[in-house]
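Chemist: Provided herewith is a single structure, encoded as structure tokens, for subsequent inquiry.
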Amino acid sequence: MAESEPQEENCDNVIKMVKDVGRDLRELLEQMEKLTVQAAWMTYNFVTIQTNPELVSSMKHLEDAFLRCKEQMEKKWQEVLEE
């Protein structure tokens, strides 16, 4: 009977280790997926910019317009809240 306890403990340790390895693998795969997506977008952006250099200035113009619009929306929202 005393021999079964260490075996059960060993089995529990192995089960916990397998679960931990599975969790770690999932986390690593998620990180790899995120990095792969980032690399794909960086490559796409690089190719797009090399193909059409004017795109950079167009994107900057759009970003500036978006930020101005966002600022105005925040001001209007604050005015509505204050009423």
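Chemist: If you wrap a convex hull around the C-alpha atoms of the chain and split its volume per residue, what is the figure in Å³?
Modeler: Roughly 127 Å³ of hull volume per residue.
Chemist: A follow-up question, please. Could you give me the ³J(HN,Hα) list for region 78-83, computed from phi with Karplus coefficients 6.51, -1.76, 1.60 and θ = phi - 60°, whole Hz, x at Gly and Pro?
Modeler: Rounded to whole hertz, the list is 5, 4, 5, 5, 6, 6.
Chemist: Given points 7 Å out from each Cα along the Cα-Cβ axis, report the Glu54 to Met32 separation in nanometres with one decimal.
Modeler: Using points 7 Å along Cα→Cβ, the separation is 4.3 nm.
Chemist: Tell me the net charge near Arg68. Cut-off is 14 Å between Cβ atoms, Arg68 excluded, with +1 for each Lys or Arg and -1 for each Asp or Glu.
Modeler: Surrounding charge for Arg68 is 0.
Chemist: So, for the chain, what is the accessible surface per residue at a probe of 1.4 Å, expressed in square angstrom?
Modeler: It amounts to 99 Å² per residue over the chain.
The values are calculated or read from the model by the stated rules, or taken from the named source; none is laboratory data. Just so it is clear, the model here is predicted, and its values are computed rather than measured. Cβ coordinates were reconstructed from backbone atoms using ideal geometry, including for glycine residues, and neighbour counts include every protein chain displayed. Heads up: the accessible areas ignore ligands, DNA and RNA and are worked out on the full protein's heavy atoms, side chains in. Shrake-Rupley method; radii C 1.70, N 1.55, O 1.52, S 1.80 Å.
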